[in-house]
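The next block holds one structure in the form of structure tokens; read it before the comments.
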Amino acid sequence: MDMNAPVGANALDAERIVGKPLDRIDGRLKVTGGARYAYEMQQDALYGFVVEASIAKGKITSIDTLAAERSPGVKLVLTHRNAPKQGTGNHREAHPVLTGPVVSSYGEPVAFVVAETFEQARAAAYLVDVKYDPKGGHFALPQHLGLARVPHQADGAPADSEVGNFSGAYASAPVQIDVSYGTPLQSHAMMEPHATLAMWDGDKLTLHTANQMLNQGQRVIARTLNIPIGNVRLVSPFIGGGFGGKLWVNADAILAAIAARYLKRPVKVALTRQQIFHVTTHRSDTIQRVRLGTDRDGRIVAIGHDVFSGNLRSEQVYEAAALQTRSLYAGSNRLTRHRLVPLDIPVASSMRAPGEAVGLLALECAMDELAEKLKLDPIELRIRNEPAEDPERHVPYSSRHLVACMQEGARRFGWNRRNPVPGQVRDGQWLVGIGMSAGTRGNPLRFSKANLRLDPDGVATVRMAMTDIGTGTYTILAQIAAEMLGLPLERVQVDLGDTIFPEAAGSGGSFGAASSGSALFEACQALRQKLATRAGMDPETARFADGRVATGERSINLTELVGSGIEAEGEISPGRNNQDLSQQSYGAHFAEIGVDQDTGEVRVRRMLGVFAAGRVLNAKTARSQAIGGMVFGAGAALHEDLVLDPRFGYFVNHDLAEYHVPVHADIPPNIDAIFLPELDERSNPLKSKGIGELGICGAGAAIANAIYNACGARIRSYPITLDKILTDLPKQS
Amino acid sequence: MDESIFPNVEVTRRTVIETGTTALLLSSLPHGVLASEPDQADRTPASIELLVNGHAHTLALDPRTTLLDALREHLTLTGTKKGCDHGQCGACTVLVDGRRVNSCLTLAVMHDGQSITTVEGLAFDQDLHPMQAAFVEHDGYQCGYCTSGQICSAVGMLAESREGMPSYVTADLIQPLTELSDNEIRERMSGNICRCAAYPNIVAAIKQAMGEQT
Ligand code: FES
Ligand code: FES
């Protein structure tokens, strides 16, 4: 079905199973070590090891592979000299490897060593002797803003938007804020390294690979290897996190596929933790300028947001950090602009909530600064700028309960105890502050299909090329099928992660649950229709419960209707609703922070997120995901900083010891996420919205605002580390 | 610290291997440093016996094989995960003679005759270990990739605290620890990264399992 109109009442509204805080159906596999990830699928494979370029730009002048080839156990050393010709395109279309002597970013694979054992492959990889003719390049974003251009990202929103007369309205606004914020380079740092096990059966390729969007990956691999798409199968039932880092095909998949083809044996490779940082994608740093002009009552008359980000010069993907500014607040004069700086660094691409995650770190702190200037409560300022419709596109919101989130959060968090004057509250050596931020994230729907089968044993089986990257997809799909067919959860089997199943959107951009769940919902509708018809009942009024279908007094066990098994298909397409409506999920973040009065050390004491994101499909996994996002936001605010060496164009801290993500000690147990009841009739048949990224959107800004409230240090360069705070700390008497 | 690792030796391929920190040093050295060194190290497989989850295994291993790779690649016990191979994430945590160890940071040959418990060895038949059951109940995971390490680490951590081992946040080093506070648990579990950030749920799961064990 095309999503063109409100869906009206449907069978999910009963919420007997959907929405309940049920344990994950794959939980047992995960806690017993039984869940198998790509690298673990078969044991008789050869082992590959990547050799990375040790320059950022230039040319390979020679590669001596002799020592590596003679090393014990080595079967193959692939370089650009013996690699096949491959299809090309940007990083979302193709991923050719070892294409020639030219090096265009640091860490790009220059050789791939395959041996009988991992130890042999690794040792031989260090025997490959590569000589380069290095060239200078452009590496650091801040140094090359003069080269910025307007990006043309085919699958993205327009880079610029303008409504009314921003500059005139801003210039004459009685209250103005003009601030610049910087966010650093970041890495997804998912726990499972990118890994692929490749095997060929004649012309047919099977890849067990850590990939979030299998059908997309299938297309990219076919194009890269110049083989028909029907000859490529991707399998990925379990993925150890993605956060955008596994949206696209990476070098591990292509290298393993080529080597397995040459050697006629399965080949597997996992990138080392260090390699991940350069061989795969990262989030660009940003430099953002936010300008807010209001009347004396705090009503926005002019809102402007300019964003610079960088990428490898052949790419068009930019960090769309001003997107949320187009729809979050009212104001009749508006200007947003994204500029992309072509650089000679690894490819920058989507990381959890691309755009909003870092855009809100600037916009929502600027709002805090504005509130202070206006002597207005930050929540009141936001309420005064609550728009009645999308202020740029002039279309209605599908649903929007931002104000309710802020008010409910304020009540639960004790916002009224906040002292608006910074540096006033102490707890021993700690200066204590609280802060808040609004949160918003786009809510897309993508094409997906599902197959559903009911067998004589009474077990329903769902099949989709969907993935579960830890989001809980297995469980929510089982809940949807169980609810719709009136079966207990244990009688639903969910098979995901294989392109032999019907095409699905995959996991990314907060579209996974809505897209895959809606396709399954449609398949359930079709199967209900078939079953009711077989039972001689009106499909519209037949009730499905307790493994039976019933109407009036008549009730039949489903197993009596299935024959040797009965199947149905379902599909969903975004339809017009994506254009006719402004679709976002919303939330409000609250944080209480302690800042050590002597050292500037920051401790998160409490966090609360209140969200309105349509129907919650599983209260337990939704809460986990939201909290996971909030912790990601805490990492962005306080810890994460991928440091680029501006001389040599590589990421200095390319491991988990030096790229700091939050650990247990950083995160207080007093952190909670609440969902307000909301059904969005116009988002999709489930009436849900995406929640995988909403948790991060605004969480970091709430922390930054709390730090300001605690100690008066307004740090506009993330992450907010103690060295930056120290100079602004109030002097101790 | 092991003295032998830190004297002023020239780093050659051979000394690197002898110090037993192969993975760490090899991948931090620039290319070319090792390339000139002929491959002379003794690669004769070393025969060792590991008692894994109660089963004795005799293995002939390349001496460079980490305990982690011995489990995953040679015994097909893939429940133990490799997140970094450098002792930075905790995904590979197993129990060696009851003590938690990053199995990526230690060579298999160093554990001849020792008893290893992996996540696969915690459940008793169909009955999950209380820590495993608590992780399911409290949703102490998302993607599941850090989970084996978190669970083994938590089991080892509780054993350490029962033996009275203090942590960085233990206020009183004299009094025996009665019950672990949230702070203690968070501090003691901070070697196990969860990028999905199930942290509050993991702490809740550990507290529940802790209660069931006492
Ligand atoms: S894999 Fe051993 S600590 Fe990360
Ligand atoms: S569950 Fe994904 S890293 Fe912990």
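Being more than 11 Å from ligand 1 (Cβ to nearest atom) and open to solvent by less than 10 Å² (accessible area, probe 1.4 Å) is the filter here, so list the residues in segment B:97-122 that pass it.
Once the filter is applied, which keeps residues that are more than 11 Å from ligand 1 (Cβ to nearest atom) and open to solvent by less than 10 Å² (accessible area, probe 1.4 Å), segment B:97-122 yields B:ALA108, B:ILE116, B:THR118, B:VAL119.
Does segment B:65-76 contain at least one residue that is facing another protein chain (nearest Cβ under 9 Å), open to solvent by 20 Å² or more (accessible area, probe 1.4 Å) and within 16 Å of ligand 1 (Cβ to nearest atom)?
Looking for residues that are facing another protein chain (nearest Cβ under 9 Å), open to solvent by 20 Å² or more (accessible area, probe 1.4 Å) and within 16 Å of ligand 1 (Cβ to nearest atom), one finds at least one in segment B:65-76, hence yes.
So A:GLN274 ticks every box in (1) farther than 21 Å from A:MET41 by Cβ; (2) away from ligand 1 (no atom under 16 Å from the Cβ); (3) surrounded by fewer than 24 Cβ atoms within 10 Å (Cβ to Cβ) but one. Which box is left unticked?
Result: A:GLN274 fails condition (2) only.
Which of the residues belonging to segment B:117-150 are touching a Leu at 6+ places or on another chain (Cβ under 6 Å) and more than 10 Å from chain A (Cβ to nearest Cβ)?
B:THR117
Within segment A:603-619, which residues are open to solvent by 20 Å² or more (accessible area, probe 1.4 Å) and touching a helix residue (DSSP H, G or I) at 6+ places or on another chain (Cβ under 6 Å)?
So in segment A:603-619, the residues open to solvent by 20 Å² or more (accessible area, probe 1.4 Å) come out as A:603, A:605-606, A:616, A:619.
Listed by number, the list holds a single entry, A:VAL616.
In the list A:VAL317, A:VAL269, which residue meets the criterion of being surrounded by 21 or more Cβ atoms within 10 Å (Cβ to Cβ), in contact (Cβ under 8 Å) with a residue 60 or more places away in the chain and not in a loop (DSSP other than H, G, I, E, B)?
Numbers: A:VAL317 fails: not in a loop (DSSP other than H, G, I, E, B).
None of the others qualify; the one that does is A:VAL269.
Can you give me the ranges of the strands (runs of 3 or more DSSP E) entirely in segment A:420-498 with at least 3 residues that are surrounded by 24 or more Cβ atoms within 10 Å (Cβ to Cβ) and in contact with a helix residue (DSSP H, G or I) (Cβ under 8 Å, 6 or more places away or on another chain)?
Qualifying strands (runs of 3 or more DSSP E): A:430-442, A:448-454.
I'd like the full set of residues that are more than 14 Å from chain B (Cβ to nearest Cβ) and hydrophobic (A, V, I, L, M, F, W, C), limited to segment A:618-650.
A:LEU642, A:VAL643, A:LEU644
Filtering segment B:79-116 down to residues that are among the β-branched types (Val, Ile, Thr) and within 16 Å of ligand 2 (Cβ to nearest atom), which residue is farthest from B:ILE193 (Cα to Cα)? Let's see the steps before the verdict.
Step one: of segment B:79-116, the residues among the β-branched types (Val, Ile, Thr) are B:80, B:93-94, B:96, B:101, B:106, B:109, B:116.
In the following step, the residues that additionally are within 16 Å of ligand 2 (Cβ to nearest atom) were identified as B:80, B:93.
On the way: B:THR80: 14, B:THR93: 11 Å.
The selected residue is B:THR80.
In segment A:106-118, what residues are of a type outside the set (A, V, I, L, M, F, W, C) and open to solvent by 10 Å² or more (accessible area, probe 1.4 Å)?
Taking segment A:106-118 first, the residues of a type outside the set (A, V, I, L, M, F, W, C) are A:106-109, A:116-117.
Correct list: A:TYR106, A:GLU108, A:PRO109, A:GLU116, A:THR117.
Listed here are the residues, each with its yes/no results for (1) of a type outside the set (Lys, Arg); (2) not in a strand (DSSP E or B).
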residue	(1), (2)
A:ARG528	no, yes
A:PRO539	yes, yes
A:SER555	yes, no
A:GLY575	yes, yes
A:GLU592	yes, no
A:GLY600	yes, yes
A:ARG605	no, no
A:PHE611	yes, no
A:ALA626	yes, yes
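Using the structure shown, decide if A:THR224 is closer than 13 Å to A:ALA257 by Cα, more than 16 Å from ligand 2 (Cβ to nearest atom) and of a type outside the set (Asp, Glu). If you could, list the steps in order and put the result at the bottom.
Working: closer than 13 Å to A:ALA257 by Cα: yes; more than 16 Å from ligand 2 (Cβ to nearest atom): yes; of a type outside the set (Asp, Glu): yes.
In short, yes.
Looking only at strands (runs of 3 or more DSSP E) that fall completely inside segment B:67-118, which ones have 1 or more residues that are among the hydroxyl-bearing types (Ser, Thr, Tyr)? Even if it seems obvious, please write down each step before you answer.
Working: elements: B:93-96, B:99-102, B:115-117.
Hits in segment B:67-118: B:93-96, B:115-117.
Suppose the filter is within 14 Å of ligand 1 (Cβ to nearest atom), surrounded by fewer than 22 Cβ atoms within 10 Å (Cβ to Cβ) and more than 10 Å from chain A (Cβ to nearest Cβ); does B:THR93 pass it?
On the way: within 14 Å of ligand 1 (Cβ to nearest atom): yes; surrounded by fewer than 22 Cβ atoms within 10 Å (Cβ to Cβ): no; more than 10 Å from chain A (Cβ to nearest Cβ): yes.
Here the answer is no, as B:THR93 does not meet what is asked.
Exactly one of these conditions fails for A:LYS731: (1) surrounded by fewer than 24 Cβ atoms within 10 Å (Cβ to Cβ); (2) in the same structural domain as A:ILE593 (by TED's automatic domain parsing). Give me its number.
That leaves (2) as the condition not met.
Only one of A:LEU207, A:LEU214 is over 18 Å from A:GLY470 (Cβ atoms) and surrounded by 23 or more Cβ atoms within 10 Å (Cβ to Cβ). Can you tell me which?
Details: A:LEU214 fails: over 18 Å from A:GLY470 (Cβ atoms).
One residue alone meets the criteria, A:LEU207.
Give the residue that is nearest to ligand 1 (Cβ to nearest atom), with candidates limited to residues of segment B:184-214 that are polar (S, T, N, Q) and modelled with pLDDT of 95 or more.
Just the residues of segment B:184-214 that are polar (S, T, N, Q), to begin with: B:190, B:192, B:201, B:208, B:213-214.
Those still in the list that are modelled with pLDDT of 95 or more too: B:190, B:192, B:201, B:208.
Values: B:SER190: 12, B:ASN192: 9, B:ASN201: 21, B:GLN208: 25 Å.
Filtering first and then ranking leaves B:ASN192.
In segment A:677-687, is there at least one residue being crowded, with 24+ Cβ neighbours inside 10 Å, at the interface with another protein chain (Cβ under 10 Å from one of its Cβ atoms) and out of contact with any strand residue (DSSP E or B) (no Cβ under 6 Å at 6 or more places or on another chain)?
no
Residue-by-condition table, conditions (1) in a strand (DSSP E or B); (2) closer than 30 Å to A:MET190 by Cβ; (3) not assigned by TED's automatic domain parsing to the domain that holds A:GLY609:
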residue	(1), (2), (3)
A:LEU328	no, yes, yes
A:CYS365	no, yes, yes
A:GLU380	no, no, yes
A:ALA410	no, no, no
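State the number of residues belonging to segment A:499-521 that are outside any helix (DSSP H, G or I) and touching a strand residue (DSSP E or B) at 6+ places or on another chain (Cβ under 7 Å). Reasoning before the result, please.
The first filter runs over segment A:499-521 and keeps only residues outside any helix (DSSP H, G or I), leaving A:499-511.
From what is left, the residues that are touching a strand residue (DSSP E or B) at 6+ places or on another chain (Cβ under 7 Å) are A:499-505, A:510.
Residues in segment A:499-521 being outside any helix (DSSP H, G or I) and touching a strand residue (DSSP E or B) at 6+ places or on another chain (Cβ under 7 Å): 8 in total.
I'm told B:ALA123 meets every condition in (1) in contact (Cβ under 8 Å) with a residue 60 or more places away in the chain; (2) under 29 Å from A:PRO21 (Cα atoms) except one. Can you identify the failing condition by its number?
Status for B:ALA123: all satisfied but (1).
Could you check, for segment B:151-170, whether at least one of its residues is polar (S, T, N, Q), facing chain A (nearest Cβ under 7 Å) and within 30 Å of A:TYR37 (Cα to Cα)? Give the steps one after another, and end with the answer.
Step one: of segment B:151-170, the residues polar (S, T, N, Q) are B:153, B:161, B:167, B:170.
The next check asks that each one be facing chain A (nearest Cβ under 7 Å); those that pass are none.
Scanning segment B:151-170 turns up no residue that is polar (S, T, N, Q), facing chain A (nearest Cβ under 7 Å) and within 30 Å of A:TYR37 (Cα to Cα).
Which of the following residues is in the same structural domain as B:MET189 (by TED's automatic domain parsing), within 16 Å of ligand 2 (Cβ to nearest atom) and on the phi < 0 side of the Ramachandran plot: B:TYR168, B:TYR145? Write out each step before concluding.
Details: B:TYR168 fails: within 16 Å of ligand 2 (Cβ to nearest atom).
Result of the check over B:TYR168, B:TYR145: B:TYR145.
Could you check segment A:86-105 and list, in sequence order, the residues that are open to solvent by 20 Å² or more (accessible area, probe 1.4 Å) and in a strand (DSSP E or B)?
A:VAL102
Would you confirm whether or not segment B:189-212 contains a residue that is β-branched (Val, Ile, Thr), more than 17 Å from A:ARG28 (Cα to Cα), within 14 Å of ligand 2 (Cβ to nearest atom) and open to solvent by less than 30 Å² (accessible area, probe 1.4 Å)? Before the answer, list the steps.
From segment B:189-212, those β-branched (Val, Ile, Thr) are B:193, B:202-203, B:206; that's our starting set.
With the extra rule that they be more than 17 Å from A:ARG28 (Cα to Cα), the set shrinks to B:193, B:203.
When the remaining residues are screened for being within 14 Å of ligand 2 (Cβ to nearest atom), the result is B:193, B:203.
From the residues that got through so far, the ones that are open to solvent by less than 30 Å² (accessible area, probe 1.4 Å) too are B:193, B:203.
Yes, the conditions are met somewhere in segment B:189-212.
Within segment A:40-85, take every residue that is over 18 Å from A:TRP200 (Cβ atoms) and among the acidic types (Asp, Glu) and give me the one that is least open to solvent (accessible area, probe 1.4 Å).
Once the filter is applied, the top-ranked residue is A:GLU40.
Mind listing whichever residues of segment A:633-662 are more than 20 Å from the chain's Cα centre (by Cα), in a loop (DSSP other than H, G, I, E, B) and buried (at least 19 other Cβ atoms within 10 Å of the Cβ)?
So the first thing to find is which residues in segment A:633-662 are more than 20 Å from the chain's Cα centre (by Cα), and the list is A:643-655, A:657-658.
If we keep only those that are in a loop (DSSP other than H, G, I, E, B) too, we end up with A:643, A:645-650, A:652-655, A:657-658.
Selection gives A:GLY649, A:TYR650, A:HIS654, A:ASP655.
Working only within segment A:191-200, note down all residues that are within 16 Å of ligand 2 (Cβ to nearest atom) and in contact (Cβ under 8 Å) with a residue 60 or more places away in the chain.
Of segment A:191-200, the ones within 16 Å of ligand 2 (Cβ to nearest atom) are A:191-195.
Result: A:GLU192, A:PRO193, A:HIS194, A:ALA195.
The values are calculated or read from the model by the stated rules, or taken from the named source; none is laboratory data. What you see is a predicted model, and the numbers here were worked out from it, not measured in a lab. Cβ: placed from backbone, ideal geometry, glycine included. Neighbour counts: every protein chain shown. Accessible surface is based on the protein model in full, side chains and every heavy atom, while ligands, DNA and RNA are left aside. Shrake-Rupley method; radii C 1.70, N 1.55, O 1.52, S 1.80 Å.
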